[in-house]
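Take a look at the structure below.
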Amino acid sequence: MGWIKQIYDCFQAYKIWFLIIIATNLLFIFFAWLAYPDTFKALVGLMIVYTLIIICLPVFLMIRKQKISEAAFQAFLLEPNETNEEIFCQTIPNIHRLFTRRMGDLIREYQVKLNDQMMELADYENYIEGWVHEIKKPLSLMTLVIDNRGDEMSPLVRQRMLHIRDQMLGDVERILYFARLGAAHKDYIFEPVNVLAFCKQVAENHQTLIDESGFRVHFTGEEAEIISDRKGLAFILEQIIANSTKYVNQHQAQPALRFETAYDKAGKQIILNISDNGPGVSAEDLPFIFDKGFTGRSGAYTREATGMGLFLVSKMANDLAIQFDAKSDLGSGLTISLIFPHVE
């Protein structure tokens with residue numbers, strides 16, 4: 001069917017000339033009928049055969065030339081250097097060559113700018129990753145000092161120091177994950193994970209953030225086994241915990257964080273609901289909380305939001321094939337649901 005379309009496209013492109021040829025033949029057929037009525041049928045047959053020949057031959061040549069031109073154009077798009085540009089120009093009419101050369105100059109100019117920007121971006125990513133690894137050294141030293149000199153500090157000071165350290169570690173992890181978003185290869189290792197036990201472990205690792213905010217953590221539902229990457233899933237849970245502790249209401253009596261498992265029988269999927277009883281999100285802000293840089297009313301309230309935590313959660317969840325959903329009403333907390341894929 002491809003060659004039929006090519007013939008049709010050729011007729012559409014040069015239909016005015018084909019109409020002129022057909023009109024000319026009709027005129028000569030009329031003259032032949034007037035001048036040679038005895039041999040009219042033979043003359044008409046010859047004229048039709050001749051017309052088909054002079055139409056089919058150019059169509060064949062044009063289709064062949066079009067294929068050559070398309071191949072040259074593809075090569076020019078893949079590598080818009082001057083050599084490929086000249087080869088492409090040889091396959092098109094002279095009237096189009098000037099525009100093609102201008103297009104080639106613009107493409108090469110933008111390609112140079114794009115290459116420069118890619119190099120700058122690569123340098124920036126390398127700097128960020130290097131900075132992240134360097135900043136971990138003083139953080140490790142800070143941990144060592146707190147562990148070895150903790151008895152010289154008051155319990156309140158030690159707790160605040162641990163809280164600040166964990167906040168800094170969370171910020172560093174966010175920077176590192178953000179820098180790796182565009183990586184071509186990601187070292188995910190999918191393995192069985194007991195979801196509630198894993199949530200308890202992540203919560204214990206961030207106990208200082210939870211204690212500083214005065215949260216009580218609850219785990220409900222039945223234990224369930226999922227297939228996921230431990231590092232990626234831990235990052236998702238850490239960001240959700242950090243988000244809840246960040247937006248805790250200062251006048252809230254008993255802030256709580258709940259991890260609850262559920263099972264969707266229809267989709268055979270395990271669902272993890274993570275809920276807090278914080279200030280919540282307004283209905284107009286809720287659809288956008290996973291967008292990059294979005295802070296909304298809550299961000300304006302705390303003046304601390306960057307709009308990156310839940311954005312990174314959405315990206316990581318997408319990489320791990322985890323569906324997510326958020327439900328909230330202003331003043332009644334936020335619930336984020338992680339829907340894990342069903343794996344046979």
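The values are calculated or read from the model by the stated rules, or taken from the named source; none is laboratory data. Since the model is a prediction, treat every value here as computed from it, not as a measurement. Please note: Cβ atoms are built from the backbone with ideal geometry, for glycine as well, and neighbour counts cover all protein chains shown.
Mind checking which residues of the range 204-221 are out of contact with any Lys or Arg (no Cβ under 7 Å at 6 or more places or on another chain) and touching a residue at least 40 places away in the same chain (Cβ under 8 Å)? Answer for the range 204-221, where residues must be out of contact with any Lys or Arg (no Cβ under 7 Å at 6 or more places or on another chain) and touching a residue at least 40 places away in the same chain (Cβ under 8 Å): His206, Thr208, Leu209, Ile210, Asp211, Glu212, Ser213, Gly214, Phe215, Arg216, Val217, Gly221.
Does at least one position in the range 100-107 carry a residue that is β-branched (Val, Ile, Thr) and loosely packed, with under 14 Cβ neighbours inside 10 Å?
Looking through the range 100-107, none of the residues is β-branched (Val, Ile, Thr) and loosely packed, with under 14 Cβ neighbours inside 10 Å.
Inspect all residues belonging to the range 51-61 and state whether any of them is without any contact (Cβ under 8 Å) to a residue 24 or more places away in the chain and more than 29 Å from Ile4 (Cβ to Cβ). No - not one qualifying residue is present in the range 51-61. Residues in the range 301-327 that are closer than 21 Å to Pro279 by Cα and in a helix (DSSP H, G or I) were compared, and the one that is modelled with the lowest pLDDT is Tyr301.
Only residues that are surrounded by 17 or more Cβ atoms within 10 Å (Cβ to Cβ) and either closer than 20 Å to Met316 by Cα or of a type in the set (Val, Ile, Thr) (or both) were counted across the range 218-264, and they come to 20.
Against the numbered list (1) touching a residue at least 60 places away in the same chain (Cβ under 8 Å); (2) touching a His at 6+ places or on another chain (Cβ under 7 Å); (3) not charged (D, E, K, R), Tyr188 comes up short only at (2).
Tell me, which helices (runs of 4 or more DSSP H) wholly within the range 151-236 include 2 or more residues that are modelled with pLDDT of 90 or more and touching a strand residue (DSSP E or B) at 6+ places or on another chain (Cβ under 7 Å)?
Fully inside the range 151-236 and qualifying: 195-205.
Taking the range 286-300 as the search range and keeping residues that are over 24 Å from the mean Cα position of the chain (by Cα) and surrounded by 18 or more Cβ atoms within 10 Å (Cβ to Cβ), which one is modelled with the lowest pLDDT? Break it down into steps so the answer makes sense when it comes.
Applying the first criterion (over 24 Å from the mean Cα position of the chain (by Cα)) to the range 286-300 yields 297-300.
Next, from what is left, pick out any that are surrounded by 18 or more Cβ atoms within 10 Å (Cβ to Cβ): 298-299.
Numbers: Ser298: 50, Gly299: 47.
Out of the qualifying residues, it is Gly299.
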